Amino acid sequence: MIKKVGIVGLGQMGSGITQVAAQAGFALLATDAGEEIISRGIKNITKQLDKAIEKGKLDPAGKEKILGDIKTTTELHDFADCDLVIEAITENMTAKKEIFSELDKICKPETILASNTSSLPIGDLASVTKRRDRFVGLHFFNPVPVMKLVEVVKTLDTSDETYSAAFEFAKAVGKSPVRAKDTPGFIVNVLLIPYLLDAIRQYENGLASREDIDNGMMLGCGHPMGPLTLTDFIGLDTTLYIADVFFEEFKDSHYAAPPLLRRMVNAGYLGKKSGRGFYEYIK
């Protein structure tokens, strides 16, 4: 039974997962590479809880309880007694494998290890551990406190018991989980990325202005956000990275990154997080 949850990585995704798990009553232990980053993550959680109070969805006492249930550390060894550890660091296979190799040695045998990766094969990450049957993908969506979906990804080795526990955890934190096979991009990104790349490609080819492309998809297809705005929100660098991973795997032109996307990333135009992407943002 999952009672104590560890989160490795307190960036945008990790802090969101930490928040929803703490709100659901789980004991949380979170870490990142240094006290400054950890402090930034906790401040982000506090900011989100304050917004919930403003909207009448939470009271001050609830906020204090949630924050009190979140413990932080700079030492992976403190994760030894966690029932579930979710990795939510940057999309880098080598870095993730290093984390899981260490966690495999540190955590108790029954601990389930999970990755929040949006594009990397879960089985490849599990290969550095001796608990492949207790390894699963738990892909949350950004912003985590708002988005209802979690892709629960089963590898060739994931046991039914582990998969069921991960699925129930996703439901326990208020999400609507879907079952996905361990293929790059799982369900959502393998369909979403070609759509974003095509929008960039058509913008580059002069089909229409950025505003008209976005408004066309919003008003014509009922999408809440246009593809170029969505790419800015995801991050142009993240979109490019995922596209390159998919192209390497599938060798399909649908996943070939448009030259404009690569040029913008090389110029530092990463989207909302850098202040400029297809649109400009006030930082």
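Read phi for every residue in the stretch 33-48 and hand back ³J(HN,Hα) as whole Hz from Karplus 6.51 cos²θ - 1.76 cosθ + 1.60, θ = phi - 60°, with x for Gly and Pro.
Once rounded to whole Hz, the list reads 7, x, 4, 5, 5, 4, 4, 5, x, 5, 5, 5, 4, 4, 4, 5.
Per the Kirkwood definition applied to all pairs of different Cα atoms, how many angstroms is the hydrodynamic radius of the stretch 104-151? Provide the component values of the computation, followed by the final result.
On the way: mean 1/r = 0.0849 Å⁻¹.
So the Kirkwood estimate lands at 11.8 Å.
How do 262, 210 rank when sorted from fewest to most other Cβ atoms within 10 Å of their own Cβ?
Working: 262 14, 210 18.
Sorted ascending by nearby Cβ count, the order is 262, 210.
What do you get for the angle between helix 12-23 and the principal long axis of the chain? Use alpha-carbon atoms, 0 to 90 degrees, nearest ten.
The helix 12-23 is inclined about 40 degrees to the chain.
Which angle between 0 and 90 degrees, to the nearest 10, do you get for helix 210-221 versus the longest principal axis of the chain when only C-alpha atoms count?
70 degrees
Past the 24 Å Cα-Cα mark, which pairs from 65/96; 47/108; 4/97? The partial results should precede the final answer.
On the way: 65/96 31 Å; 47/108 34 Å; 4/97 22 Å.
From 65/96; 47/108; 4/97, over 24 Å: 65/96; 47/108.
Could you calculate the FRET efficiency of residue 218 with residue 33 from 1/(1 + (r/R0)^6), where r is the beta carbon distance between them and R0 is 51 Å, rounded to 0.05? Please list the in-between numbers first.
Details: r = 38 Å, r/R0 = 0.75.
Efficiency at R0 = 51 Å is approximately 0.85.
Hey, can you grab everything whose amide H is under 5 Å from the amide H of residue 276? Only 5+ residues off in sequence or another chain; H modelled, so Pro and N-termini drop out.
For residue 276, whose amide H was placed from the backbone, the distant partners under 5 Å are 270, 271, 281.
Looking at the stretch 131-220 only, what percent of DSSP beta bridges run antiparallel? Nearest 5 please. Spell out each step's value before the answer.
Working: 4 of 10 bridges.
Looking only at bridges with both residues in the stretch 131-220, the antiparallel portion is about 40 percent.
For an R0 of 35 angstrom, estimate the FRET efficiency from the Cβ-Cβ distance between residue 251 and residue 40 and round to the nearest 0.05. Mind dumping the intermediate values first?
Numbers: r = 39 Å, r/R0 = 1.12.
Plugging the Cβ-Cβ distance into 1/(1 + (r/R0)^6) gives 0.35.
Through the Karplus equation 6.51 cos²θ - 1.76 cosθ + 1.60, θ set to phi - 60°, convert the phi angles of the stretch 75-86 into ³J(HN,Hα) values in whole Hz; use x for Gly and Pro.
My calculation for the stretch 75-86 gives 10, 4, 4, 6, 8, 4, 9, 6, 8, 9, 10, 10 Hz in order.
Stretched out fully, how many nm does the piece from residue 168 to residue 225 gain, at 0.36 nm a residue minus the Cα gap?
Values: separation 57, 0.36 × 57 = 20.52 nm, distance 3.02 nm.
Full extension of this stretch gives 17.5 nm more.
Calculate, in nm to one decimal, what residue 176 and residue 59 gain on full extension: separation in residues at 0.36 nm each, minus their alpha carbon distance. List each step's numbers first, then the result.
Numbers: separation 117, 0.36 × 117 = 42.12 nm, distance 2.49 nm.
Separation in residues times 0.36 nm, less the Cα-Cα distance, equals 39.6 nm.
Compute the label zone of residue 183 within the stretch 147-165: residues whose backbone N is under 17 Å from the point 7 Å along Cα-to-Cβ.
Once the point is set 7 Å along Cα→Cβ of residue 183, 151-157 turn out to lie under 17 Å by backbone N, inside the stretch 147-165.
Hey, fewest Cβ within 10 Å first, where do 119, 209, 127 land in order? All intermediate terms of the calculation are to be shown ahead of the outcome.
Numbers: 119 21, 209 11, 127 15.
Ordered by Cβ neighbours within 10 Å, fewest first: 209, 127, 119.
Suppose every K and R has +1 on its Cβ and every D and E has -1 on its Cβ; what is the size of the dipole of the chain about the Cα centre, in Debye to the nearest 20? Walk me through the numbers on the way to the answer.
Numbers: 34 positive and 38 negative charges, 99 e Å.
Roughly 480 debye, rounded to the nearest 20.
Near the amide H of residue 84, under 5 Å away, which other amide H atoms are found, from residues 5 or more places off or on another chain, if H is placed in the peptide plane?
Here 4, 6, 112 satisfy the definition.
Among DSSP beta bridges lying fully in the chain, give the percent that are antiparallel, nearest 5.
Restricted to the chain, the bridges split so that about 20 percent are antiparallel.
Residue by residue, what Karplus-based ³J(HN,Hα) values in Hz, rounded to whole numbers, does the stretch 163-168 have, using 6.51, -1.76 and 1.60 with θ = phi - 60° and x for Gly and Pro?
5, 5, 5, 5, 5, 5
Projected onto the charge dipole of the chain (+1 at Lys/Arg Cβ, -1 at Asp/Glu Cβ, origin at the Cα centre), which of 199, 187, 222 gives the Cα projection farthest towards the positive end?
222
Using C-alpha positions alone, give me the convex hull volume of the stretch 189-274 per residue in cubic angstrom. Before the final figure, lay out the partial values.
Working: hull volume 7.7 nm³, N = 86.
Cα-based convex hull of the stretch 189-274, divided per residue, equals 90 Å³.
Throughout, read-outs are computed from the coordinates displayed, never taken from laboratory work. All values reported here derive from a predicted model rather than from experimental measurement. Backbone-built Cβ (ideal geometry, glycine too); neighbour counts: all protein chains shown.
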